[in-house]
1. Cα convex hull of the chain: mean projected area in nm², to one decimal?
2. In degrees from 0 to 90, rounded to the nearest 10, what is the angle of the helix 125-135 Cα long axis to the longest principal axis of the chain?
3. What nm distance separates the two modelled labels at residue 66 and residue 166, each placed 7 Å from Cα along Cα→Cβ?
4. Provide the per residue accessible area, probe 1.4 Å, for the chain, rounded to a whole number of square angstrom.
5. List the lysines whose Cα sits under 25 Å from the Cα of residue 153, skipping any in the same chain fewer than 8 residues away.
6. With springs only between Cα atoms under 10 Å apart, run a GNM on the chain and tell me which of 24, 113, 41 wobbles the most.
7. With a cut-off of at most 15 other beta carbons within 10 Å, and DSSP calling the residue loop, which trypsin sites (Lys or Arg not before Pro) in the range 70-136 qualify? Please list them.
8. In whole Hz and in residue order, list the ³J(HN,Hα) couplings for the range 27-34 that follow from phi through the Karplus curve 6.51 cos²θ - 1.76 cosθ + 1.60, θ = phi - 60°; x for Gly and Pro.
Amino acid sequence: ESFYSAPAEITDEAIQTAVRFVEETAYHMGAQVQVKAEKREEEICVSVEGDQNGILIGKHGRTLDALQYLTGLAVHKVVEGRIRVIVDVEGYRERRKATLENLANRYANQAVERGSKLVLEPMNPQERRLIHMTLQEDSRISTESEGDEPFRKVVIIPKELTNDFVIYVEKFQRRSRDGQEGNRGFGDRNRRR
């Protein structure tokens, strides 16, 4: 606990450690990348560009989240204290953030229209936090998280709950056969409580 108790000063050694760790990990995963890192306030932001980025991102960014976590552990071996490390590949995190914000608002509207609770697919803590923050100003709904990691989900609850159906969103986006964005709605799986 004391290890993470106070913010640490971001040194050149910490930044170089983050870059080296990401470069070596990407190499062992078979990806040719260029890695840059910079200090932003109390964070080290590592940006990755190159070929075969899908390997580093993984499904729903899970591989990228793991890479970020491990990079943070590597950095914490050379500094004492707390430093947040953000690893992004080709702007994936910004695109995912915009997608989640749009979908959160869309699903909030649908939950209100149907008068039903709406349960989103499992997400990591950062994405759940983004959903909660995006919807916190919407007076028509409230949000909460339920379940256990790694299957914890956000629940959108309309203030005027008019029926006892719970709508489960299985996928945020579905693609049609021609690659265009298709039905991005519900997973067609309604359950009565």
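The values are calculated or read from the model by the stated rules, or taken from the named source; none is laboratory data. Keep in mind that what you see is a predicted model, and the values were worked out from it rather than measured. Cβ coordinates were reconstructed from backbone atoms using ideal geometry, including for glycine residues, and neighbour counts include every protein chain displayed. In case anyone asks, the SASA skips ligands and DNA or RNA and just uses the protein heavy atoms, side chains included. Shrake-Rupley method; radii C 1.70, N 1.55, O 1.52, S 1.80 Å.
1. The orientation-averaged projected area of the Cα hull of the chain comes to 13.1 nm².
2. 50 degrees
3. Distance between the two pseudo-spin positions: 2.9 nm.
4. For the chain, the solvent-accessible area averages 61 Å² per residue.
5. The qualifying lysines are 59, 97, 117, 171.
6. Highest fluctuation of the listed residues: 41.
7. Answer by residue number: 77.
8. So the Karplus estimates, Gly and Pro as x, are 4, 5, 8, x, 10, 8, 9, 10 Hz.
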